[in-house]
Every structure is written in C-alpha cells, then in structure tokens.
1. From the phi angles alone, apply the Karplus equation (6.51, -1.76, 1.60; θ = phi - 60°) to the stretch 53-59 and give each ³J(HN,Hα) in whole Hz, x where the residue is Gly or Pro.
2. So what is Rg over Rh here for the stretch 153-306, counting just Cα atoms and using Kirkwood for Rh?
3. Determine the dipole magnitude for the chain: charges of +1 sit on the beta-carbon of Lys and Arg, -1 on that of Asp and Glu, nothing else is charged, the reference point is the Cα centre, and the result goes in debye to the nearest 20.
4. Return the sequence-ordered ³J(HN,Hα) values of the stretch 67-80 in whole Hz as given by the Karplus equation 6.51 cos²θ - 1.76 cosθ + 1.60 applied to θ = phi - 60°, using x for Gly and Pro.
5. My understanding is that a pair violates if its Cα-Cα distance is over 26 Å; which of LYS146/LYS210; LYS101/LYS146; LYS81/LYS141; LYS81/LYS146; LYS101/LYS141 do that in this structure?
6. Checking the a/c ratio against 1.5 first, then a/b against b/c, what shape does the Cα gyration tensor give for the stretch 80-166?
7. Peptides 110-121, 74-85: what's the order by average Cβ count within 10 Å, highest mean first?
8. Using a ≥ b ≥ c from the Cα gyration tensor of the stretch 42-103 (square roots of the eigenvalues), is it rounded, prolate or oblate, where a/c under 1.5 gives rounded and otherwise the larger of a/b and b/c decides, a/b for prolate?
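The values are calculated or read from the model by the stated rules, or taken from the named source; none is laboratory data. Predicted model, so just to flag it, every value in this text is computed and none were measured. No Cβ is skipped: glycine too gets one built from the backbone with ideal geometry, and neighbour counts run over all protein chains shown. Side chains included, ligands, DNA and RNA excluded: accessible areas come from the protein's heavy atoms. Shrake-Rupley method; radii C 1.70, N 1.55, O 1.52, S 1.80 Å.
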Amino acid sequence: MQEPLLTRLSQFYRRTQAVLVLAILFPTVFTTVVGIVSLALYSEVKDIIFGILTITFALGIALGFIIVVLLTRKAQELALKQTLFLANVSHELRSPLTAIKMYAQTLERGPTPENTQLCLTQILQATERLDRLVQQILEWKRITNKTDVIHPVACNANLPASDVAEHFLVAHPDVADRLTVDLMADPPDTELDRDSLERALFNLLENAYKYSGEDRQIGLTTRLVAEATRVARFFEYRVSDNGPGIPAEHLAHIFDVFYRADNNLTTAAGVGLGLGITRSIAVAHGGSVFVESEPGRGSCFIIRLPLTHSKKGNGAAKGHKESP
Ligand code: ADP
C-alpha cells in the first residue's frame with residue numbers, strides 16, 4: 001500500500017531532522033550562553049573578544065544548519081515523490097501482467113469457444129493498459145528533457161479534439177453513448193502541435209473515464225473565448241465529467257507530477273503523470289490548463305491556448321460563444 005510507505009518515509013525524515021536539530025541545538029545554545037556570560041562578566045578585553053567570537057561561532061553554525069535543512073527539504077520531497085512513483089509504476093505493471101499471464105494460462109490449459117474470445121479481449125485490454133503506461137512515461141521523459149517539446153504548425157483548432165474523440169472511442173467503445181462531443185462551428189486555424197495536444201486531451205478523457213462511475217457522462221467541447229475587448233483570443237478545449245469531483249485541498253497540487261489525490265492503490269489505476277504532462281503541453285503552447293471541480297459535482301478540465309495564427313479570424317468569431 002502506498003500510504004503506509006509514504007507515512008513511513010515521512011516519519012523517517014522527520015525523526016532524522018529532529019535528531020539533527022537536537023544535536024545542533026544543544027551545543028549552539030550552550031556556546032551562545034557561554035559567550036553571553038563571558039560578555040556579561042568580562043574583566044579583561046580578551047573576555048569580550050572571546051564572548052563575541054563564541055556567539056558569532058554559534059550563530060554561524062545555526063545559520064549553516066538552517067540553510068542545509070532548507071536545501072535538503074527539496075531533495076527529500078523529490079526522493080519521496082520518486083519512491084511513490086516507483087511504487088505506483090510497479091503496481092501498474094503488475095496488474096496487467098498478472099491478467100495477461102492468467103488469461104494466457106487459461107488458453108494454454110485448453111481453449112474453448114466460450115473462453116477464447118473473453119481471454120483474448122482481456123489480454124488485449126491489459127496490453128493496451130501497459131502500452132499507455134509506457135507511452136506516458138516516455139512522454140514525461142521527453143517533456144522533462146525540455147528540448148523540442150512541441151512542433152506547432154497552423155491547423156484547424158478543432159482537429160486535436162475530433163482526432164482524440166475518435167481514438168478515445170476505439171480505446172473505450174463502451175462509452176460510445178456516454179461521450180458528448182460538441183465542437184464549435186467554423187473554428188479558426190491556429191498554430192499547434194496536433195499530436196501533443198491530442199495526447200493532452202487523451203489524458204483528460206482517460207481521467208474522466210477512470211474517475212467516474214458506471215453512469216459516467218463525459219463531455220468534450222471546444223470554443224473561443226473573448227476578452228473584455230470582445231476580440232476572440234483564446235481557444236478552449238473542455239473535458240467534463242460527472243465523477244466524484246476533487247476536494248479543494250487537492251486542487252492546487254493535481255497538476256504536479258507524481259501527485260495523486262487518492263493515495264489508495266486499490267482504486268483507479270494511475271501513476272500521477274497524466275495531468276503533469278498535460279500542463280507541460282499546454283504551457284509549451286503558451287497556454288494553460290485549469291480545473292473547475294467540487295466534490296459530488298464532477299470536474300471540468302480546461303486547456304486554454306492563445307490564438308497565434310488565425311486565418312479565419314472573422315469567420316470564426318461568428319460561431320463564438322462567450323465564456324461564462
Ligand atoms: P493519475 O490519474 O495517474 O493518478 P493524473 O496526473 O492524471 O495522475 O491525475 C492526478 C490526480 O488528480 C489523480 O490521482 C486524481 O486523484 C485527480 N484527478 C484527475 N482527474 C480527475 C477527475 N476527472 N476526477 C476526479 N479526480 C481526478
């Protein structure tokens with residue numbers, strides 16, 4: 001389980017820090033007191049010099065310690081996140097591998113007309129899950145290398161959304177009547193990296209799928225957003241769901257890589273990379289991604305990109321709906 005691991009590691013770091021604080025605190029306080037006493041009871045100049053030197057030494061140690069603690073805290077956070085990530089990845093690899101092995105063994109024992117199709121479907125689903133995980137890790141590695149994150153070219157702004165809807169339905173045919181796609185009429189052309197943006201949208205759709213229950217309703221919409229000047233400047237991709245929503249305390253963190261609002265590995269699959277990747281792709285386009293969500297009222301994730309190249313600017317404005 002992830003939570004005890006996280007708790008154990010945090011406790012270990014806290015205890016180590018407490019021991020260090022005590023190890024530094026006592027000699028520092030003692031040395032400072034000696035310095036103060038020496039200054040207070042001085043009888044010769046050398047007492048004053050000794051007092052000042054002792055206090056300066058003690059303060060220097062205290063300051064050095066504070067700097068070291070601040071610097072190592074970041075490293076500790078990173079180490080914790082990486083440990084969690086490894087635990088998540090191991091779990092995510094094990095589940096589909098176990099499924100593949102189990103269904104392959106069933107076929108090996110003797111395929112029947114009834115179980116063959118079921119086993120093959122399950123093996124294919126598990127393979128796709130593994131494939132998605134590997135793709136996500138590779139994508140994250142590519143993005144964190146910071147070079148060539150995207151290659152924008154001018155294209156119809158709706159294209160990533162229509163492409164992703166098609167691919168999402170291939171991956172999840174069961175949501176054919178639960179996915180509502182509402183793309184704006186006469187969209188503008190803008191400069192974007194179609195593949196990257198499609199991956200970002202796929203992550204959002206995948207989350208909408210896995211965090212919503214059996215009665216899921218998923219929405220994918222696109223629209224132009226005007227600023228106060230009423231000139232359309234941004235293009236928005238919105239992915240909404242009727243899932244459990246996200247508690248306020250998690251909202252500020254869910255776009256951080258490795259962060260999972262639900263730390264229980266037995267619930268929805270994931271390794272905490274999807275939203276981090278999505279944010280990097282939106283930012284690489286000069287845009288942003290944000291979420292509107294409340295517990296019990298579903299979530300709506302919004303990728304907002306600036307229009308950088310709008311050949312059909314006037315025509316596009318006809319189909320424009322203002323953002324609420
Ligand atoms: P993963 O899904 O692999 O955990 P993500 O980076 O995609 O990683 O998401 C981070 C966290 O944000 C998730 O663990 C989940 O708790 C929360 N989250 C993301 N999308 C949704 C959603 N549509 N509904 C509820 N919670 C969500």
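1. Karplus-based 3J(HN,Hα) across the stretch 53-59 equals 4, 5, 5, 4, 4, 5, 5 Hz.
2. On the way: Rg = 15.1 Å, Rh = 15.8 Å.
My calculation puts Rg/Rh at 0.95.
3. 700 debye
4. Those phi angles translate into 4, 4, 4, 5, 5, 6, 4, 4, 5, 5, 4, 4, 4, 4 Hz.
5. Numbers: LYS146/LYS210 29 Å; LYS101/LYS146 38 Å; LYS81/LYS141 16 Å; LYS81/LYS146 20 Å; LYS101/LYS141 29 Å.
Long pairs (Cα-Cα over 26 Å): LYS146/LYS210; LYS101/LYS146; LYS101/LYS141.
6. Oblate.
7. Descending mean neighbour count gives 74-85, 110-121.
8. Numbers: a/c = 14.50, a/b = 8.59, b/c = 1.69.
Cα axes put the stretch 42-103 in the prolate bin.
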